[in-house]
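For reference, the structure discussed in these notes is given below.
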């Protein structure tokens, strides 16, 4: 009959064996040996201690070895510890080797650490990519530009690009290509004398844009620019002229209103001046009877002079009644106002 110490020892041995099997990737080590990948069991244990998953290193190394690449486990492990995607880098190296593209591990690792998908970059370098302008998901109907005759054109284009492996690190992305091509389209259409010239020869846009060297400083090489569609938009020139005419009309109306207000103000001022002068005239005429009475008293005027004055006033009133249409006469300065009635 087994004693308790023996049972405990057996349990400890079993637990230790299970832990050892789970900690030491024996199956992965056997797989690596079968794939002719030289790796020691202690190297796998060291990866565990460095918190590096052995499977994430050994499986890409097996793929690289089978593809005829000679990669270092230390480089793969260092790339993983730097935050890189080891599987993607190895897959990119294999794809580049099969496509006869020169790509070393150091450059592939740098591209991956720069945040770019190195495998996709190799694929785009082998099979060119088509960039739609405007980009998919953009609400715009196309790149809008206005020719010199004022007609708006809406253009859709497709740019065929190939990834430039040497400029992936530090090179601009697709957004820059889209912006530059859009700018080139606007410039080309804007320099055209008539929109009909662009419609008759759309390839002129592609040729002009390609001559600008838009791929400089980007991670791509532009292979071609194809105009997919051109639509005629609004008559922007006529619209601008209409808006300008309406603005000038509003300005003219404002100036006319200002002149009218100024004329009304001057008219009111003249009326006030006339009233003021009329008051002064009435005050002056009020002194006439007094002056006549004083003339009689001082013998400077006799009765004949007075009658002569009356005759002159009557004659003046008669002339005024004849001159005024309708027989109306101005009694402003009549004999009554002169006090000689």
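FYI, it's all coordinate maths here, none of it is from the lab. Keep in mind it's a predicted model, so treat the numbers as computed, not measured. Reconstructed Cβ throughout: ideal geometry from the backbone, glycine too, with neighbour counts over all protein chains shown.
From the alpha carbon centroid of the range 213-247 to that of the range 64-78 is 50 Å. Highest GNM mean-square fluctuation among 201, 308, 270, for the chain modelled with Cα contacts below 10 Å: 308.
Among the listed values (1) 1.05; (2) 2.60; (3) 0.99, the one computed from these coordinates for Cα Rg over 2.2 N^0.38 Å is (2). Calculated FRET efficiency, residue 307 to residue 261, Cβ-Cβ distance, R0 = 56 Å: about 0.55 to the nearest 0.05. Label positions at residue 296 and residue 42, each projected 7 Å from the Cα along the C-beta direction, are separated by 15.6 nm. Helical runs assigned H by DSSP (4 residues or longer) give the chain a calculated mean residue ellipticity at 222 nm of -19500 deg cm²/dmol, each run adding -39500 (n - 2.57) before division by the residue total.
Using a Förster radius of 51 Å, what is the FRET efficiency between residue 138 and residue 12 based on their Cβ-Cβ separation? Nearest 0.05, please. Efficiency at R0 = 51 Å is approximately 0.15. Put a dot 7 Å past the Cα of residue 120, heading toward its Cβ, do the same for residue 31, and the two dots end up 2.7 nm apart. Between residue 286 and residue 149, the simple spin-label model (points 7 angstrom out along Cα→Cβ) gives 8.2 nm. Of all the options 267, 174, 234, the one that moves most in a Gaussian network model of the chain with Cα springs shorter than 10 angstrom is 267. Comparing mean-square fluctuations of 96, 247, 157 from a GNM of the chain with C-alpha springs under 10 Å, the top value falls on 247. At full extension, residue 51 and residue 271 could sit 68.9 nm farther apart than now, given 0.36 nm per residue minus the alpha carbon distance.
For an R0 of 30 angstrom, estimate the FRET efficiency from the Cβ-Cβ distance between residue 231 and residue 174 and round to the nearest 0.05. The calculated FRET efficiency here is 0.80. Give the residues of the range 131-159 whose amide nitrogen is closer than 20 Å to a point set 7 Å from the Cα of residue 204 in the direction of its Cβ. Correct set: 143-158.
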